Amino acid sequence: MIRELRHYVRNDGLGEPLLVRFGDHVLPILADLGFRLSGLWTAADGSGELWYVLDWADDVEMAEAWRRFAADLRWISARTHSEADVGKLTRSLISRLVTVPDFARSTL
């Protein structure tokens, strides 16, 4: 199994619109496309930053799923409408493949 940790940093003043888009549009699309979400967090300071973890069988499944997501008309529409008046909601997206180190496996 592969775990992908994604971290979104919002553009100034756009934390709430980013979270609304994620909750109202992105999460349902991910579910419909069979993405396996195993964790999701927002920054406790209210900054609008977002982290989540996706589980994948392998890198082939991950690449194909992200291709389907990028081409999904619901996603294209949600992105277009949410950014129409304010511009890009995210300043950066960091995606990392992560694993639990051997020394921590017995504690998690």
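The values are calculated or read from the model by the stated rules, or taken from the named source; none is laboratory data. From a predicted model like this one, the values you see are computed outputs, not experimental measurements. For neighbour counting, all protein chains shown are included, and Cβ atoms are generated from backbone atoms with ideal geometry for every residue, glycine included.
Below is a table of values for the structure above.
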quantity: Within the stretch 1-30, considering residues that are part of a strand (DSSP E or B) and among the aliphatic types (A, V, I, L, M), the one farthest from the chain's Cα centre (by Cα); calculated: ILE2
quantity: Answer from LEU50, LEU14, LEU40, LEU27 - the residue that is closer than 18 Å to ASP72 by Cβ and not basic (Lys, Arg); calculated: LEU27
quantity: Within the stretch 31-107, strands (runs of 3 or more DSSP E) holding 1 or more residues that are polar (S, T, N, Q), modelled with pLDDT under 95 and surrounded by 11 or more Cβ atoms within 10 Å (Cβ to Cβ); calculated: 36-42, 90-98
quantity: Any chance ARG6 is exposed (fewer than 14 other Cβ atoms within 10 Å of the Cβ) and basic (Lys, Arg); calculated: no
